[in-house]
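K.L.:
I have a structure here, written as structure tokens, and I will follow up with some questions on it.
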Amino acid sequence: MSKYLDLDIRKIHELLVKKEITPLDLVDEALSRIEENKDLNAFITINDKVREEASELGEVDPDNLFFGIPIAVKDNIVTKDLKTTCASHILENFIPIYDATVVEKIRENKMLIIGKTNMDEFAMGSTSETSYFGAPLNPYDKKRVSGGSSGGSASAVSGGLIPLALGSDTGGSIRQPASYTGIVGMKPTYGRVSRYGLVAFASSLDQIGPMTRTVYENASLLNVLVGEDDRDLTSVKKEKEDFTRLIGEDIKGMKIALPKYFVSDIVDEEISKRIKEVISFCDKNGAVVDIVDMKYLDTAVNLYQIIAMAEASSNLARFDGVRYGFRASDVNSVDEMYGKTRGEGFGDEVKRRIMVGSYILSGENAKTYYDKALMVRDDITKEFNRIFKEYDLIIGPTTTRVAPLLGNSKDDPHKAFMDDVLVIPVNMAGLPALNIPVGKNSEGMPIGLHIIGKAFDEATIYKLASFLEEVF
């Protein structure tokens, strides 16, 4: 089997321009790899028109790095005429009639959508084990999870099935699986990438981002995805910039903060040791790394549970069996149809979050819980801003442990939330953050470094990440 997909994307592009390979060659290689690695369960749906689409691309555009490159899309991002299930029984056969904005951008740049990747049902989970289609597996150890909720995208990129994928991040769902599977995953600043066509989980937290093998590929793909969108009023208008522009630059003089909480006893000893090695390397290369106190970080998981579940209960009210998706049979009234459709269509974790969210928003509870959570969320944002007045970046481990074994968190929903304890604060503040692999533990499982930047300063994150990538 050919190995073109193992090459750096710039080398692949060079071969395409020279006509030594074709987009169809890349598609065939990707499809072959997916078939050979079906046990990873990374994909829910394969695009059966992708070979035809590859054949119709025409002359390679030498100025378009992504021309003819296969890409995977998380299955909560809608794709016209291609099933979008959100890994749920209730949308098992749903075929959208329009593309998400990010999918439009992918198509405009002549990328080829290989298929839709597996995930936690409606992105609710940290291991992708809540998927109606079964959990995607970790390519490093198939007895372990690939993380969640973007576990299928992480598994597909890490396993070498495709070079690029899209994920979504509500409470760490790009960065945590990227850490577990040893790839690069970016959650951009909230509003940087349009959410139009992303099936909503928690609207004030959701963000789409790139998942790739390298820092350069990640920054290059982000170049394609960003931009204001009239169809998403939370998207932000910013001057066009090249996120690769600082890649390869020296880190001398950079000021970096490491919150004490990020290396406290909640973090596995081997992971803490590796983070300290990264800090030492940064010090030796002229960066200043200070350990700092940050308030409220330990409250983020509880805030997330309140805010995300409340917003989810509202967003998922639309799935009622009336307009689209699964509809229960053998019912005698509309009310019975609503209840039976949602009872049979949603999995246990989704139903649990809807019920808790509905309770949070009921009557006086909204003031008691949701409104107060928003106030503390604002305090977290102010605390990040305080640190960023003095520092360029904040770093720490992405996760408290390496990828756990399948079934490890199944009987304890709160345990799954704790897998995201280090990444959730970033979603609360709407900041950009990236996972980059920085080695492996004694069992050969990847360890990830979490790099957090100022709002709309993804380029500086990529600067540090690219410098570390050369060594770790």
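K.L.:
What residue, among those in the range 289-324 that are among the hydrophobic types (A, V, I, L, M, F, W, C) and either touching a His at 6+ places or on another chain (Cβ under 9 Å) or farther than 28 Å from THR341 by Cα (or both), is surrounded by the fewest Cβ atoms within 10 Å (Cβ to Cβ)?
P.N.:
So, considering only residues that are among the hydrophobic types (A, V, I, L, M, F, W, C) and either touching a His at 6+ places or on another chain (Cβ under 9 Å) or farther than 28 Å from THR341 by Cα (or both), the one surrounded by the fewest Cβ atoms within 10 Å (Cβ to Cβ) is ILE291.
K.L.:
Also, I was wondering about something else. Regarding the range 159-176, can at least one residue be identified that is of a type outside the set (Lys, Arg), part of a loop (DSSP other than H, G, I, E, B) and either in contact with a Ser or Thr (Cβ under 6 Å, 6 or more places away or on another chain) or without any contact (Cβ under 8 Å) to a residue 40 or more places away in the chain (or both)?
P.N.:
Going residue by residue through the range 159-176, those that are of a type outside the set (Lys, Arg) are 159-174, 176.
Right, trim to part of a loop (DSSP other than H, G, I, E, B) and you get 159-163, 169-174.
After this cut, where a residue has to be either in contact with a Ser or Thr (Cβ under 6 Å, 6 or more places away or on another chain) or without any contact (Cβ under 8 Å) to a residue 40 or more places away in the chain (or both) as well, the list is 173-174.
Yes, the range 159-176 has at least one match.
Residue by residue, here is whether (1) crowded, with 21+ Cβ neighbours inside 10 Å; (2) out of contact with any strand residue (DSSP E or B) (no Cβ under 7 Å at 6 or more places or on another chain); (3) not small (Gly, Ala, Ser); (4) not in a loop (DSSP other than H, G, I, E, B) holds:
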site: ARG195; (1), (2), (3), (4): yes, no, yes, no
site: SER203; (1), (2), (3), (4): no, yes, no, no
site: LEU221; (1), (2), (3), (4): yes, no, yes, yes
site: GLU239; (1), (2), (3), (4): no, yes, yes, no
site: THR244; (1), (2), (3), (4): no, yes, yes, no
site: GLU249; (1), (2), (3), (4): no, yes, yes, no
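K.L.:
Within the range 22-33, can one find any residue that is free of Cβ contacts under 8 Å to residues at least 60 places away in the same chain, within 30 Å of THR341 (Cβ to Cβ), within 26 Å of the chain's Cα centre (by Cα) and not in a loop (DSSP other than H, G, I, E, B)? So that I can check it myself, show each step before the final result.
P.N.:
Within the range 22-33, the first condition is being free of Cβ contacts under 8 Å to residues at least 60 places away in the same chain, and the residues that meet it are 22, 24-25, 28-29, 32.
Still in the running and within 30 Å of THR341 (Cβ to Cβ): none.
No; the residues of the range 22-33 include none that is free of Cβ contacts under 8 Å to residues at least 60 places away in the same chain, within 30 Å of THR341 (Cβ to Cβ), within 26 Å of the chain's Cα centre (by Cα) and not in a loop (DSSP other than H, G, I, E, B).
K.L.:
Within the range 92-127, which residues are basic (Lys, Arg) and either in contact (Cβ under 8 Å) with a residue 60 or more places away in the chain or in contact with a Leu (Cβ under 9 Å, 6 or more places away or on another chain) (or both)? Spell out how you get there, then give the answer.
P.N.:
The first filter runs over the range 92-127 and keeps only residues basic (Lys, Arg), leaving 105, 107, 110, 116.
Result: LYS105, LYS110, LYS116.
K.L.:
Considering only the range 65-120, state which residues are among the aliphatic types (A, V, I, L, M) and assigned to a loop (DSSP other than H, G, I, E, B).
P.N.:
Kept after step one, since they are among the aliphatic types (A, V, I, L, M), are these residues of the range 65-120: 65, 69, 71-73, 77-78, 82, 87, 90-91, 95, 97, 100, 102-103, 106, 111-114, 119.
Residues satisfying the conditions are LEU65, ILE69, VAL78, ALA87, ILE95, ILE97, ALA100, MET111, MET119.
K.L.:
Right, another one. Any idea which of ALA317, ALA310 is of a type in the set (A, V, I, L, M, F, W, C), assigned to a helix (DSSP H, G or I) and touching a Gly at 6+ places or on another chain (Cβ under 6 Å)? Step through it out loud before you land on a result.
P.N.:
On the way: ALA317 fails: touching a Gly at 6+ places or on another chain (Cβ under 6 Å).
Criteria check complete, one pass: ALA310.
K.L.:
For the range 216-246, enumerate the residues that are closer than 18 Å to PHE467 by Cβ and touching a Leu at 6+ places or on another chain (Cβ under 8 Å).
P.N.:
Passing the criteria: GLU217, ASN218, SER220, PHE243.
Coordinate-derived values only; no laboratory data. Being a predicted model, the structure only gives us computed values, none of them experimental. Cβ: placed from backbone, ideal geometry, glycine included. Neighbour counts: every protein chain shown.
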